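Presented below is the structure to which this report refers.
The values are calculated or read from the model by the stated rules, or taken from the named source; none is laboratory data. These figures come from a predicted structure and were not determined experimentally. When we count neighbours, we look across all protein chains shown, and the Cβ atoms used for this are built from the backbone with ideal geometry, even at glycine. For the accessible areas, the whole protein counts, side chains as well, though only heavy atoms, and no ligand, DNA or RNA atoms are used. Shrake-Rupley method; radii C 1.70, N 1.55, O 1.52, S 1.80 Å.
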Amino acid sequence: MRKDRGTGLILGIESSCDETAAAVVRGGGEALSNVVASQMSLHANYGGVVPELASREHLRNIVPVVREALSRANVNFADLDAVAVTEGPGLAGALLVGITYAKALSFGLGKPLISVNHLEGHIHAVLMEVRGRAETAMELPLLALVVSGGHTHLYLARQQGSEARNELWSYRNVGRTVDDAAGEAYDKVAKLLGLGYPGGPWIDALALHGNPRAVPFGFGPINTRIPQDGMANKKESFRSEGPHFDFSFSGIKTAVLRYVEAHGMRASIETRRAALAADSEITAKSAAVVELCDQKTLDLIASFQYAVVGNLLKQTFAAAEALGAHSVVVSGGVAANSELRRRFQAEADRRGLHIAFPSLALSTDNAAMIAAAAWPKFLSGEFASDDLGASPQLRLGQQ
Ligand code: KG4
Ligand code: ZN
């Protein structure tokens with residue numbers, strides 16, 4: 001165990017997808033700065049993240065973003081105790097920018113380098129805020145739903161010792177999507193309906209105006225194959241014994257497409273797409289968007305969201321119950337969804353479980369969560385070696 005905590009200042013760096021982010025966090029819990037340069041508008045033209053453009057933007061942004069994070073925190077490079085960086089999962093070229101920069105910085109400063117799994121970061125975004133609000137600590141084990149544009153995972157998380165001593169965390173992956181991530185389904189359905197990118201905020205806002213029971217979308221059983229020896233492929237590698245609570249969101253996306261075709265909605269979708277393309281002032285929250293949608297479209301949107309949130313809720317609480325979790329954490333971009341927060345809170349209250357969500361700023365990708373997740377590793381002296389590389393398919397914990 002490392003005795004010298006210094007002043008506990010960790011610089012976090014995150015560049016796994018389309019946000020270049022840097023943050024200075026003290027003692028794993030107090031964010032002194034949290035700077036995010038989003039490339040959202042750049043990728044919006046393409047309706048999704050373009051990897052080559054993302055890497056180039058990270059290269060352009062990384063130095064000014066780190067400088068800004070230090071300046072807002074009012075600290076110098078010399079004040080830092082360690083540099084933490086996202087190792088994966090994510091886009092290879094994008095990850096490489098953050099990792100290469102962090103390695104060079106750590107080498108130049110003579111300070112340890114800590115590698116962090118992006119998914120662990122999302123979980124720690126919430127734990128950090130719970131601590132910051134001086135709420136009662138989350139009782140362990142906790143069940144974490146990490147739900148974003150790239151991920152839909154359930155983890156059972158525990159600490160090897162007590163949280164007060166900041167012992168290392170361990171995770172078991174007890175559920176994951178077998179195809180699309182939930183956020184990806186939001187983005188694809190929004191695109192299909194002629195709405196903006198990313199789709200989540202548009203659907204979230206418009207769903208308020210529709211009837212969630214108008215279209216009865218369903219989720220069938222999921223066929224998760226346990227591969228035999230020698231049959232493992234990338235998506236279906238070895239899984240531990242015990243129950244798994246998996247997800248599948250590609251079916252509902254196809255069901256929405258079929259509904260659109262069966263109800264002759266193409267023409268109105270293209271009119272909406274053209275209207276939005278012609279007026280960049282219209283955002284997900286503008287009243288004008290509602291006027292661009294007829295009632296059938298609003299009902300379809302509300303029904304889609306009702307079904308997706310319902311499925312996330314069902315799997316999460318079934319896992320919590322089966323695995324004896326005492327609390328629930330929801331994190332990642334989709335955790336910003338208002339219906340999800342409302343229904344998850346109500347279900348947790350009904351079951352007497354402590355539930356926590358990140359603030360909106362910490363629900364999407366950021367670097368404060370990377371520095372926070374690095375803190376127990378810093379205390380335990382779990383440092384990255386000089387040959388740290390990007391791990392685009394990195395998994396978290398036991399599968
Ligand atoms: O965590 P994040 O910023 O990046 C990834 O790691 O993917 O998540 C982005 C995802 C997008 O798919 C976006 O549509 C979704 O989060 N999202 C939402 C909402 N805000 C963002 N989904 C549903 N409701 C929202 N309010
Ligand atoms: Zn993320």
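The separation of segment 298-367 from segment 150-214, counted between C-alpha centres, amounts to 8 Å. Note that segment 381-390 has calculated 3J(HN,Hα) couplings of x, 8, 9, 7, 8, 4, 9, 4, x, 6 Hz, one per residue in order, obtained from phi through the Karplus relation 6.51 cos²θ - 1.76 cosθ + 1.60 (θ = phi - 60°); glycine and proline are x. Counting only protein heavy atoms and a probe of 1.4 Å, the accessible surface of segment 314-385 is 52% carbon and sulfur. Packing here is the average count of other Cβ atoms within 10 Å per residue, and on that basis the peptides 95-108, 141-154, highest first, run 141-154, 95-108.
Estimated at the nearest 10 Å², the accessible area of residue 111 is 50 Å² with a 1.4 Å probe. Could you name the aspartates and glutamates whose alpha carbon sits less than 18 Å from that of residue 103, not counting residues in the same chain fewer than 8 places away? Reachable aspartates and glutamates: 14, 79, 81, 87, 382, 386, 387. The relative contact order of the chain, computed from alpha carbon pairs under 8 Å that lie at least 6 residues apart in sequence, is 28 percent. Enter the angle in degrees (range 0 to 90, nearest 10) between the Cα long axis of helix 368-380 and the first principal axis of the Cα atoms of the chain, meaning the one along which they spread out most. It is inclined by approximately 40 degrees. Rounded if a/c is under 1.5, else prolate if a/b is larger than b/c, else oblate: which is segment 186-225, with a ≥ b ≥ c the root eigenvalues of its Cα gyration tensor? Because a/c hits 1.5 or more and a/b fails to exceed b/c, segment 186-225 counts as oblate. Counting only Cβ charges, +1 for Lys and Arg and -1 for Asp and Glu, the dipole size of the chain around its Cα centre is about 340 debye. The amide H of residue 249, built 1.01 Å from its N in the peptide plane, has 178, 179, 180 as neighbours under 5 Å, considering only residues 5 or more places off or on other chains.
With every protein chain in place and a 1.4 angstrom probe, the accessible-area ranking of 17, 293, largest first, reads 17, 293. Considering only 246, 299, 79, the Gaussian network model of the chain with Cα springs below 10 Å gives its largest mean-square fluctuation to 79.
Taken over the chain, the alpha-carbon convex hull comes to 149 cubic angstrom per residue.
Distance from the alpha carbon centroid of segment 270-292 to that of segment 20-90 works out to 31 angstrom. In segment 1-117, the portion of solvent-accessible area held by carbon and sulfur atoms comes to 54 percent [1.4 Å probe, whole percent, DNA, RNA and ligands not counted]. The residues of the chain have, on average, 43 Å² of accessible surface per residue, using a 1.4 Å probe with all protein chains present. Since only 335, 398, 271 are under comparison, the one whose Cα sits farthest along the positive direction of the charge dipole of the chain, derived from C-beta charges on Lys, Arg, Asp and Glu, is 398.
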